[in-house]
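Novice: Would you mind keeping the following structure in view while I ask a few things?
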Amino acid sequence: MKILSCKTPGEFEYQESTIPKLSEGRAIVKIKKIGICGTDLHAFEGTQPFFSYPRILGHELAGEIIEIGTHDELLPGDQVTVIPYFNCGSCVACRNGKPNCCQKISVFGVHEDGGMREYVSLPIASLVKKEGLSLEQLAMAEPFAIGAHGVRRAGVKPGQFVLVIGAGPIGLGVMEFARIAGATVIAMDINEKRLEFCKEVWKIPHVVKAGKTANEAIQEITNGDFCDAVIDATGSLAAINQGFQYIAHGGTYVLVGLQKGEIAFSHPEFHKREATLMSSRNATRADFMQVLDAMASGQLSVDNYITHRVSFDQVKEDFPSWLDPATGVIKAMVEM
């Protein structure tokens, strides 16, 4: 079978490998669709934390079960998506129902080789089936689950103002689930094309360009209250530090984006707001099911989300262009 490995930052290489054999507790899945996310892009450019090379990328996956041991719900031929966060099951996070932040977590395509290959062996417990959804919908479950988890962490309620900083794939997922939760969504980005996409295609009611006038714009939109929840989906240190100024008194700041440095903020300003700061890492099975149910009910559409489609054989050639905002890529989808 063919695989695509990121040998070093900026370098892909196609290779041949053997099809994995079935083992206990696992299934052999033929990969059909692979979504490209910010983690993949950052890994390619060499800026992704928790990363080593060479690495087979790819964790936004949809495929077909080829072989599987005895299981009550899953059978050969079933189309599935993958929860790509493999947890130990015994650490303090796992014991408390938070496998998404397991102390020994291994993320498929990050800590271990991922899905940019024709066949993979996966833990049965990581597979999720939802009847009636397309392969592209299944492949989109993971990035939307990240957004759903961030919104759940923020405790978003109907009628609240939610500012989402970063209008990339993850940010758009956050916006969708904030909308589903009944919030008034404000999108912020430095990229005017992405803000236009939010407004014209995704019908986000308020868009604000990051910069000197952003604080004034947020005040005007919220009638001076600022935002009940601010959710960063940029992974930019500057954006994260600036986001503190947009929190309402009593509000919450959730960091979905990840960067390598140390954040800094005014303690008095944060303290007087009695604000809450939290991170949001990965997602849980409950988040995946919320996403798949929203897709099945028509609350959530992926039609306008996927902007680029390529075959597996094109990835090496096309991938570098997706780092350039001028290409207008929101979500690239690879077809095996």
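Novice: For every other residue with a beta carbon closer than 15 angstrom to the beta carbon of Val80, add +1 if it is Lys or Arg and -1 if Asp or Glu, then tell me the sum.
Specialist: -2
Novice: Taking the beta-carbon count within 10 Å as an exposure proxy, list Met140, Met336, Met175 from fewest neighbours to most.
Specialist: Final ranking by Cβ density, sparse to dense: Met336, Met175, Met140.
Novice: Within 15 Å, Cβ to Cβ, of Leu138, how many net charges do the neighbouring residues add up to if Lys/Arg are +1 and Asp/Glu are -1?
Specialist: -3
Novice: Based on DSSP loop calls and a cut-off of at most 13 other Cβ atoms within 10 Å, the longest stretch of the chain free of exposed GluC sites (Glu not before Pro) is what?
Specialist: Longest run free of exposed loop sites: 132-261.
Novice: For a footprinting-style exposure proxy, rank Val82, Val208, Val92 by other Cβ within 10 Å, fewest first.
Specialist: With the sparsest Cβ surroundings first, the list reads Val92, Val208, Val82.
Novice: I've got another one for you. Expressed as a whole percent, how much of the Cα-Cα distance distribution for the range 204-336 exceeds 23 Å?
Specialist: 53 percent
Novice: Would you tally the net charge around Ala125, using a Cβ to Cβ cut-off of less than 10 Å, leaving Ala125 out, and scoring K and R as +1, D and E as -1?
Specialist: Spelling it out: positives minus negatives among the neighbours equals +2.
Novice: State, as an integer percentage, the relative contact order of the range 266-336 based on alpha-carbon contacts under 8 Å between residues 6 or more apart.
Specialist: Reported relative contact order: 30 percent.
Novice: Pop the C-beta distance of Glu45 and Ser17 into the FRET formula with R0 = 22 Å and round what comes out to the nearest 0.05.
Specialist: According to the calculation, E is roughly 0.30.
Novice: Among Gly147, Gly243, Leu277, pick out the residue whose Cα is farthest towards the positive end of the charge dipole of the range 146-279, where Lys and Arg carry +1 and Asp and Glu carry -1 on C-beta, about the Cα centre.
Specialist: After comparing all options, I get Gly147.
Novice: Which of the aspartates and glutamates could a cross-linker bridge to Lys21, judged by Cα under 17 Å and excluding same-chain residues fewer than eight apart?
Specialist: Leaving aside aspartates and glutamates fewer than 8 places away in the same chain, those within reach of Lys21 are Glu64, Glu67, Asp113, Glu118.
Novice: Kirkwood hydrodynamic radius, computed over distinct alpha-carbon pairs, for the range 138-267: how many Å, to one decimal?
Specialist: After inverting the mean inverse Cα-Cα distance, the result is 14.3 Å.
Novice: Compare Met116, Met278, Met188 in a GNM of the chain, Cα atoms joined below 10 Å, and give the one with the largest fluctuation.
Specialist: Met278
Novice: Among Gly38, Pro123, Ile3, which residue has its Cα positioned farthest towards the positive end of the charge dipole of the chain, with +1 placed on the Cβ of Lys and Arg, -1 on the Cβ of Asp and Glu, and the dipole taken about the Cα centre?
Specialist: Pro123
Novice: Can you sort Leu258, Leu292, Leu22 by how many other beta carbons sit within 10 Å, fewest first?
Specialist: So the ranking, lowest neighbour count to highest, is Leu22, Leu258, Leu292.
Novice: Given charges of +1 on the Cβ of Lys and Arg and -1 on the Cβ of Asp and Glu, with all other atoms neutral, how large is the dipole of the chain about its Cα centre, in debye to the nearest 20?
Specialist: 640 debye
Values in this text are rule-based calculations from the coordinates and carry no lab data. Please read these numbers as outputs of a predicted model, since none were measured by experiment. With ideal geometry, Cβ positions are generated from the backbone for all residues, glycine too; neighbour counts draw on all protein chains shown.
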